[in-house]
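Data first, discussion second: the structure below is written as structure tokens.
The values are calculated or read from the model by the stated rules, or taken from the named source; none is laboratory data. Small disclaimer: the values here were computed from a predicted structure and weren't measured. All Cβ positions, even for glycine, are placed from backbone atoms using ideal geometry, and neighbour counts span all protein chains on display.
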Amino acid sequence: PALAGALTGALGGGAAIPAAWRDACRTLSGCALPRLRGTDLVHLAELLETTELAAPGG
């Protein structure tokens, strides 16, 4: 399901992901990264989008 959602979003944008999928997956459970339990995935994605990456070697 995660890969299907990622590919759907990458190819069709966020609007292509059904609302039921978004609602079911929006709050992270923390099973892979316990410190992220309860994190809003959409908010996290917005933070990552606005983060400026450092240039390689810089």
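Here are the numbers:
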{"item": "Any hit, segment 40-56, residues being assigned to a helix (DSSP H, G or I), in contact with a strand residue (DSSP E or B) (Cβ under 9 Å, 6 or more places away or on another chain) and either aliphatic (A, V, I, L, M) or modelled with pLDDT of 90 or more (or both)", "result": "yes"}
{"item": "Meets criteria (part of a helix (DSSP H, G or I), exposed (fewer than 11 other Cβ atoms within 10 Å of the Cβ) and modelled with pLDDT of 90 or more) for residue 10", "result": "no"}
{"item": "Residue in segment 13-58 that is surrounded by the most Cβ atoms within 10 Å (Cβ to Cβ), counting only those that are free of Cβ contacts under 8 Å to residues at least 12 places away in the same chain and among the hydroxyl-bearing types (Ser, Thr, Tyr)", "result": "29"}
